[in-house]
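**Student:** Just dropping this structure here.
The values are calculated or read from the model by the stated rules, or taken from the named source; none is laboratory data. Since this is a predicted model, take the numbers as computed values, not measurements. Because the Cβ atoms are built from the backbone with ideal geometry, glycine has one as well, and the counts that use them run over all protein chains shown. When the accessible area is computed, the model is the full protein with side chains, heavy atoms only, and any ligands, DNA or RNA have been set aside. Shrake-Rupley method; radii C 1.70, N 1.55, O 1.52, S 1.80 Å.
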Amino acid sequence: MAILVLAEHDNASLKLDTAKVVSAATAIGGDVHVLVAGSACAAAVTAAQALTGVSKVLVADAAAYEAQMAENLSELVLKLAGDYDYVVAAATSVGKDTLPRVAALLDVAQISEVIEVVSADTFVRPIYAGSALATVQSLDDTKVLTVRTSAFDAVGNEGSAEAVAVDFVAEAKTVFVSQTLTESERPELGSAGVIVSGGRGMGSGENFAILEALADKMTAAVGASRAAVDAGFVPNDLQVGQTGKIVAPDLYIAVGISGAIQHLAGMKDSKVIVAINKDPEAPIFQVADYGLEADLFDAIPELTNLL
Amino acid sequence: MKVLVPVKRVVDANVKVRVKADNTNVDTANLKMALNPFCEIAVEEAVRLKEAGSATEVVVVSIGAKAVQEQLRTSMALGADRAIHVQTDEELVPLSIAKILKAVQEKEQADLVIFGKQSIDGDNNQTGQMLAALTQMPQATFASELKLSADGAEVTREVDGGLQTLKMPLPAVVTADLRLNEPRYASLPNIMKAKRKPLETLSIDDLGVSLKAHQTIVKVTPPAERQAGIMVSSVAELVEKLKNEAKVI
Ligand SMILES: Cc1cc2nc3c(=O)[nH]c(=O)nc-3n(C[C@H](O)[C@H](O)[C@H](O)COP(=O)(O)OP(=O)(O)OC[C@H]3O[C@@H](n4cnc5c(N)ncnc54)[C@H](O)[C@@H]3O)c2cc1C
């Protein structure tokens, strides 16, 4: 069996998500190839070649792929898909944007957000914000899957795959205009061992400074609830939940977050959960390993001091 | 300019669903149903385009059992002009929904199709992208801002690292994220008015669409419950537990 993994990268570097998708591909079993489609993406290619279990890296390096837009990226994947039994990508914004297009062009269904590989054709995925897990058997010849990377451990870097250029360039009607990416020295939500998340209880964007101080002390990433993002306290890319990022760090500290099911959907697989909330009835306490009923404006500075 | 908005009936976002005892599916009997929140945002955006004078007609479409007419009426109470109900009692995968929508789009020739980015039941996040592929339209998923101009649509999208802006000619597919707008509440007069707006019912055969089976649901199970934790009485105790019991710091 042959598996094509769409690499997650930003041209300059390969994201850890790719190593996690390769891990899911390895669980399916077969020959695993990685497609790096981008522009001036040589560093990402080198990193992909080193991934354990990858036997070939396909490189589509062209200006048309710089912004990794679904419209033409899906044409590229379609062009290659004939050689593969599986097309797999991370359930990231690029993967979620692109793979359904690939699936539709192949006339097959997509199985989204796979968290477990049961067998070569059977996969587990959460539905209803994680309130249930569906075990789905695919009847399609080509299986198109997105993988929830928080559910898989990354493969190592013991590989030495060959790199092969793909010279097919698909153009798009879509034009890239601009991008504002949140700059941060802190770890990314998807790869952080510790995440400190703030909710509406933070009260304002300025108040997030006390969470950031705690995060810096713990080398943690900062996350947020939808309410905190909607209120404009922090940018959208910090949102954790059903419709934001799905994370599973070793330690998740929820501060001033009530624990709505849509938020829990994004963090309830964390190894250890701490909740700090002044309302003893807050539902977040039902999933927390350690709950502290306190005013966050007292507790957070004190916690930062004690670490 | 015509805007087509596909909408879905789902279990209300505030209701916690449970798995059936025989593990065949979730139990949705007697649960409160609603217009999928993302679809509601999509309808709102289309109605605002009409109010701003950019769109001339807003058509909503839903595929499902008779009951989806309730959500079509809700959409018309929010301001959609007319509705199409494609009747089927089968649970269809997103690809099949997209094929049916392609047939609807061929009839309607909308300039813009606005979807919700995902439905909160299946959480698939596929249908908009699939329709775009089947009709060879450009797409902008996860939209937080939509601007129309003479040469097409300019859409700001919520992506993993921040925000991205794309421009594309029409016809195009846009899928709505949470922050695209805040939907209005339907007023009582508008709810009454919606009852008299046109609602056309079609079958999948009427549209000439043939579908096939793509997957089987082997089982549906509840997720592992987390072990109940403890309350600590002070920050010092919390630090002690994290160091010596959980050993995560
Ligand atoms: C379709 C849909 C998708 C959604 N997707 C997401 C998602 O991806 N992610 C997400 O997070 N939400 C999502 N939501 C929203 C979700 O339902 C909740 O509204 C949201 O998570 C609430 O955020 P919050 O806990 O910060 O705010 P609130 O529910 O308002 O809770 C604030 C908490 O802060 C506490 N607090 C206040 N002041 C203090 C203080 N000084 N000290 C200590 N505690 C304090 C309060 O006791 C309260 O528990 C979604 C909703 C819908 C309908």
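**Student:** Could you tell me the relative contact order of the range A:173-295? Use alpha-carbon pairs under 8 Å, at least six residues apart, and round to a whole percent.
**Tutor:** Dividing the mean separation by the residue count of the range A:173-295 yields 22 percent.
**Student:** A further question follows. Among the DSSP beta bridges whose two residues both lie in the protein assembly as shown, what percent are antiparallel, rounded to the nearest 5?
**Tutor:** 35 percent
**Student:** I want to check the label-to-label distance for B:Leu170 and B:Asp22. Put each point 7 Å from Cα in the C-beta direction and report it in nm to one decimal.
**Tutor:** 4.9 nm
**Student:** Also: Taking a ≥ b ≥ c as the square roots of the Cα gyration tensor eigenvalues, with a/c under 1.5 meaning rounded and otherwise prolate when a/b beats b/c, else oblate, which class fits the range A:194-306?
**Tutor:** rounded
**Student:** Right, next: Name the most mobile residue of A:Pro249, A:Pro283, A:Pro100, meaning the one with the largest mean-square fluctuation, in a Gaussian network model of chain A with Cα contacts below 10 Å.
**Tutor:** Answer for the Gaussian network model of chain A: A:Pro283.
**Student:** Run the paramagnetic zone check for A:Gln179: 7 angstrom along Cα to Cβ, then residues of the range A:40-55 with backbone nitrogen under 17 Å.
**Tutor:** Counting backbone N atoms under 17 Å from the label point, the list is A:40-45.
**Student:** So for the pair A:Lys278, A:Glu302, with labels modelled 7 Å out along Cα→Cβ, what separation do we get in nm?
**Tutor:** According to this spin-label approximation, the distance is 1.4 nm.
**Student:** Mind giving me the FRET efficiency for A:Lys217 and B:Glu225? R0 is 30 Å, r the Cβ-Cβ distance, nearest 0.05 is fine.
**Tutor:** 0.40
**Student:** In Å², what does the accessible area per residue of the protein assembly as shown work out to with a 1.4 Å probe?
**Tutor:** Per-residue accessible area for the protein assembly as shown comes out at 40 Å².
**Student:** Let me ask another. Using modelled amide H (1.01 Å from N, peptide plane; none on Pro or chain starts), what sits under 5 Å from the amide H of A:Glu116, excluding residues fewer than 5 places away?
**Tutor:** A:Val124
**Student:** Rounded to the nearest 5, what % of DSSP beta bridges with both residues in chain B are antiparallel?
**Tutor:** Of those bridges, close to 40 percent are antiparallel.
**Student:** For chain B, calculate the relative contact order in percent as a whole number, restricting contacts to Cα pairs under 8 Å that are 6 or more residues apart.
**Tutor:** 23 percent
**Student:** Could you give the nm distance between label points at B:Glu57 and B:Arg82, where each point is 7 Å from its Cα heading toward the beta carbon?
**Tutor:** 0.5 nm
**Student:** Relative to a virtual label point 7 Å from the Cα of B:Ala65 in the Cα→beta-carbon direction, which members of the range B:92-135 show backbone nitrogen distances below 19 Å?
**Tutor:** Hits in the range B:92-135 for B:Ala65 at 19 Å: B:92-94, B:97, B:120-123.
**Student:** For B:Ala153, list long-range residues whose amide hydrogen, built 1.01 Å from N in the peptide plane, is under 5 Å from its own amide hydrogen.
**Tutor:** B:Met168, B:Leu170
**Student:** Filter the GluC sites (Glu not before Pro) in the range A:174-224 down to the DSSP loop ones having no more than 10 other Cβ atoms within 10 Å, then list what survives.
**Tutor:** Counting only loop positions with at most 10 other Cβ atoms within 10 Å, the GluC sites (Glu not before Pro) in the range A:174-224 are A:Glu183, A:Glu185, A:Glu206.
**Student:** Taking springs between alpha-carbon atoms closer than 10 angstrom, which of B:Gln109, B:Gln71, B:Gln227 fluctuates most in the Gaussian network model of chain B?
**Tutor:** So, out of B:Gln109, B:Gln71, B:Gln227, the one fluctuating most is B:Gln227.
**Student:** Something else now. Where does helix A:208-217 land angle-wise versus the long Cα axis of chain A, in degrees 0 to 90, nearest 10?
**Tutor:** Approximately 70 degrees, to the nearest ten.
**Student:** A further question on this structure: Return a whole-number percent for the relative contact order of the range A:2-165, with Cα pairs under 8 Å and 6 or more residues apart as the contact set.
**Tutor:** Computed value for the range A:2-165: 30 percent relative contact order.
**Student:** For the range A:26-77, what does the alpha-carbon gyration tensor say about shape, rounded, prolate or oblate, given a ≥ b ≥ c as the root eigenvalues, a/c under 1.5 as rounded, and a/b over b/c as prolate?
**Tutor:** oblate
**Student:** Right, something else. Can you give the mean number of other chain Cβ atoms that lie within 10 Å of the Cβ atoms in peptide B:219-225?
**Tutor:** Counting other chains' Cβ atoms within 10 Å and averaging over B:219-225 gives 5.
**Student:** Each residue of the range B:205-216 in order: what ³J(HN,Hα) in whole Hz does its phi give by Karplus 6.51 cos²θ - 1.76 cosθ + 1.60, θ = phi - 60°, with x for Gly and Pro?
**Tutor:** 5, 3, 7, x, 9, 10, 10, 10, 7, 10, 7, 10
**Student:** For the range B:11-23, take each phi angle, set θ = phi - 60°, evaluate the Karplus expression 6.51 cos²θ - 1.76 cosθ + 1.60, and give the result in whole Hz per residue in order, putting x for glycine and proline.
**Tutor:** 5, 3, 4, 8, 9, 8, 8, 10, 7, 5, 4, 8, 6
**Student:** Given the -39500 (n - 2.57) contribution per DSSP H run of 4+ residues, what per-residue ellipticity at 222 nm results for chain B, rounded to the nearest 500 deg cm²/dmol?
**Tutor:** -8000 deg cm²/dmol
**Student:** Calculate, in nm to one decimal, what A:Ala120 and A:Glu188 gain on full extension: separation in residues at 0.36 nm each, minus their alpha carbon distance.
**Tutor:** Difference between extended and current length: 21.3 nm.
**Student:** Which of these, B:Pro189, B:Pro94, B:Pro198, has the largest mean-square fluctuation under a Gaussian network model of chain B (Cα springs below 10 Å)?
**Tutor:** B:Pro189
**Student:** Tell me, what HN-Hα J-couplings in whole Hz come from the Karplus equation 6.51 cos²θ - 1.76 cosθ + 1.60 at θ = phi - 60° for each residue of the range A:89-101, using x for Gly and Pro?
**Tutor:** 9, 6, 7, 9, 4, 6, x, 5, 6, 8, 4, x, 5
**Student:** Taking all protein chains in place and a 1.4 Å probe, what share, in percent, of the accessible surface of the protein assembly as shown do carbon and sulfur account for?
**Tutor:** It is 48 percent, rounded to a whole number.
**Student:** Rounded to the nearest 10 Å², what accessible area does A:Ser160 have for a 1.4 Å probe in the complete protein model?
**Tutor:** 110 Å²
**Student:** May I ask you to rank A:Met218, B:Met130 by accessible area, largest first, using a 1.4 Å probe over the protein chains only?
**Tutor:** Ranking A:Met218, B:Met130 by accessible area, largest first, yields A:Met218, B:Met130.
**Student:** B:Lys219's amide H: which non-local residues (gap 5+, or another chain) put their own amide H closer than 5 Å, with H modeled 1.01 Å from N in plane and none for Pro or chain starts?
**Tutor:** Correct list: A:Thr135.
**Student:** Starting from the Cα gyration tensor of the protein assembly as shown, multiply each eigenvalue by 5, take the square root, and state the resulting semi-axes largest first in whole Å.
**Tutor:** That gives 35, 30, 23 Å for the three semi-axes.
**Student:** Expressed as a whole percent, how much of the Cα-Cα distance distribution for the range B:2-244 exceeds 24 Å?
**Tutor:** 50 percent
**Student:** What accessible area, summed over both chains, is buried at the A-B interface (1.4 Å probe, Å², nearest 100)?
**Tutor:** Between A and B, the summed buried area is about 6600 Å².
**Student:** Okay, next question. Can you pull the accessible area of A:Thr180 for me, 1.4 Å probe, Å² to the nearest 10?
**Tutor:** Answer for A:Thr180: close to 90 Å² accessible.
**Student:** To the nearest 10 degrees, how steeply does helix B:94-108 sit against the main Cα axis of chain B, on a 0 to 90 scale?
**Tutor:** Relative to chain B, helix B:94-108 is tipped by roughly 20 degrees.
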